[in-house]
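Read the structure below first, then the notes.
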Amino acid sequence: MRRLLGDTPPRRDLLIEYLHCIQDECGRLPTSYLVALAAEMRLSLSEVFEVATFYAHFEVSEDDAGGPPPATIVRVCDGIACELAGARDLLADLNTSAPAGVRILRAPCMGRCDTAPVAEIGRYHLDRANVEGALSALGEGRIHPEIPDYQGYERYVEQGGYVLLGACRSGERQVSEVTAELERSGLRGLGGAGFPAGRKWRVVRGYPGPRLVAVNADEGEPGTFKDRYYLERDPHRFIEGLLIAMWAVDAHKAYVYLRDEYPAVREILVREFDRIHHEGLLPSQTIELRRGAGAYICGEESAMLESIEGRRGLPRHRPPYVAEVGLFGRPTLVNNVETLYFVRDILERGAEWFAGTGRHGCKGRRSFSVSGRVKRPGVKLAPAGITVRELIDEYCGGMQDGHAFKGYLPGGASGGILPASLADEPLDFGTLEQHGCFIGSAAIVVFGDQDSMQDVALSLMRFFADESCGQCTPCRVGTDKAVALMESERWDVDLLSELAQTMADASICGLGQAAGNPINAVIRYFREELS
């Protein structure tokens, strides 16, 4: 254990990183290692075990339980887009055909919905997976992440990168000017909450320092993959936005919390953070990259902060809000990747340019993660306020052959389900709430006339039941009971409606509060399927 920890004294906030080190070394978390880790960190065993057993990607086992770990673990994504593409059959076929010593597991959405179905072999992702491809990858030993081609430091600088950062640090640009420009542009938090970005920067700077920045790169909402798309292609545009945000709120340190399902992105960011440090772009600042461990709840900002601090990802009660009392008790700016990615373009081209790119009275642009029954799924950079019908026709090449448009998720699993009759509603913050839905992270999953909305809602509720952190009874028990009720041949509509309302009223955070949205949507818009 001392060899894994190295020469530096153990830090309490790095507990999850240490657990990753053990699992990377052993393939699991043997109890003897956890006992040794607790002793080295001077923590109680319960503190170590409660964290190790909270996160889905950690596997605690007795030292001799089951012998050595399997040579390879293959995870098959069972997110809604992969389920539409045949993930259940793939999982079943792999269970009967995989070589001895290979373990086959189902896993929640991996953030690759545009290439469904997806299988993860070790740390290698097989897109548009089938049994033959998976067995071939296993035979060839493809277990490490494949690093895509991306725009590195030199090319980014050649195209004007980091000039804006230099203008900010030299005094050519003033903090008040930058925050006002972002406010005029209409840029909002694009992780789902939609709080105006410039106003958030101003609020955080108003609290006494030292201040911190935390980046939410844990996009676990089923159907969402836009952050991965940008980080795998142009990471320095995001990094420059992050450094400008740190300058604007006068933060000396930033933490980037990246979901564990993105190993290729992790390698890219490790490499490029080292590069900007070598180039002198971090003269008095520090960026730490933290690795998630498979917990959807850590997409909620306060749960993410708890995880960065080395604890279970349990959402905090508010107030106080994280802008005032956040990471390690300090005022903390929390932004997501896409928000920071847009900062450079807005400040170089002007607020009016960005605000003027919207449609149907909305401001700005959005990165829509589109998957499901469309011909060309993927990340679509489109005007905020575009309708789903326009998005499908103009950006996705229309519906897949043999599928007529029936409905869609406007905001991933938690955003509700809308019918094709509401395909002309603008997709933006505040436009869908009247229909019992919201846009959130703009994860658009499109369904056809051969898809059962009842089955879709059940799949989403199973996800919520799996991912509930368990802190509050309405969510922990409610999601589980909802799954049992929804598995019945005939839904008890009154009881399910009452359960959905209870979860919305009494849950601590957005997971439980939004878990009933798929139920309500099916009852409201697809009731004929329940008869």
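The values are calculated or read from the model by the stated rules, or taken from the named source; none is laboratory data. Quick caveat: nothing in here was measured; it's all calculated off a predicted structure. Positions of Cβ are generated from backbone atoms using ideal geometry, with glycine treated the same way; all protein chains shown enter the neighbour counts. Accessible surface areas use protein heavy atoms only, side chains included; no ligands, DNA or RNA. Shrake-Rupley method; radii C 1.70, N 1.55, O 1.52, S 1.80 Å.
General remarks:
- Put simply, of 521, 500, 465 the only residue that is in contact with a strand residue (DSSP E or B) (Cβ under 9 Å, 6 or more places away or on another chain) and either outside any helix (DSSP H, G or I) or touching a residue at least 12 places away in the same chain (Cβ under 8 Å) (or both) is 521.
- Any pair with Cβ under 8 angstrom, 6 or more apart, that starts in region 289-306 at a residue that is free of Cβ contacts under 8 Å to residues at least 12 places away in the same chain and ends at one that is open to solvent by 10 Å² or more (accessible area, probe 1.4 Å) and among the aliphatic types (A, V, I, L, M): 306/314
- From 440, 448, residue being open to solvent by less than 40 Å² (accessible area, probe 1.4 Å), within 14 Å of residue 222 (Cα to Cα) and of a type outside the set (Val, Ile, Thr): 440
- Filter result (of a type in the set (A, V, I, L, M, F, W, C), within 23 Å of the chain's Cα centre (by Cα) and assigned to a loop (DSSP other than H, G, I, E, B)) within region 67-87: 85
- The residues in region 403-417 that are open to solvent by less than 10 Å² (accessible area, probe 1.4 Å) and in a helix (DSSP H, G or I) can be counted, and the count is 2.
- Put simply, of 344, 312, 330, 389 the only residue that is in contact with a Leu (Cβ under 9 Å, 6 or more places away or on another chain), over 22 Å from residue 233 (Cβ atoms) and at pLDDT 95 or above is 330.
- For region 451-480, the candidate set comprises residues that are over 23 Å from the mean Cα position of the chain (by Cα) and over 21 Å from residue 56 (Cα atoms); within that set, the residue that is most open to solvent (accessible area, probe 1.4 Å) is 455.
- Hits in region 27-54 (condition: more than 16 Å from residue 308 (Cβ to Cβ), open to solvent by less than 30 Å² (accessible area, probe 1.4 Å), of a type in the set (A, V, I, L, M, F, W, C) and part of a helix (DSSP H, G or I)): 34, 37, 38, 41, 48, 52
- Take the conditions (1) free of Cβ contacts under 8 Å to residues at least 60 places away in the same chain; (2) in a helix (DSSP H, G or I); (3) not hydroxyl-bearing (Ser, Thr, Tyr); residue 385 misses just one of them, which is (2).
- Just one residue in the set 19, 14, 90 is under 30 Å from residue 133 (Cα atoms), in contact (Cβ under 8 Å) with a residue 40 or more places away in the chain, open to solvent by less than 40 Å² (accessible area, probe 1.4 Å) and assigned to a helix (DSSP H, G or I); that residue is 90.
- Reported count of residues in region 298-319, each being open to solvent by 10 Å² or more (accessible area, probe 1.4 Å), assigned to a helix (DSSP H, G or I) and over 14 Å from residue 13 (Cβ atoms), is 2.
- Helices (runs of 4 or more DSSP H) lying entirely in region 120-238 (those with 3 or more residues that are more than 30 Å from residue 93 (Cα to Cα) and not polar (S, T, N, Q)): 153-158, 163-170, 175-185, 197-205, 226-231
- Yes/no for residue 485 being open to solvent by less than 70 Å² (accessible area, probe 1.4 Å) and at pLDDT 95 or above: yes
- Only residues that are open to solvent by 10 Å² or more (accessible area, probe 1.4 Å), more than 22 Å from residue 225 (Cα to Cα) and aliphatic (A, V, I, L, M) were counted across region 263-297, and they come to 3.
- If you go through region 158-175 and keep only what is open to solvent by 30 Å² or more (accessible area, probe 1.4 Å) and free of Cβ contacts under 8 Å to residues at least 24 places away in the same chain, you end up with 158, 159, 163, 166, 170, 171, 172, 174.
- Selection within region 207-224 - farther than 16 Å from residue 313 by Cα, out of contact with any helix residue (DSSP H, G or I) (no Cβ under 6 Å at 6 or more places or on another chain) and surrounded by 24 or more Cβ atoms within 10 Å (Cβ to Cβ): 224
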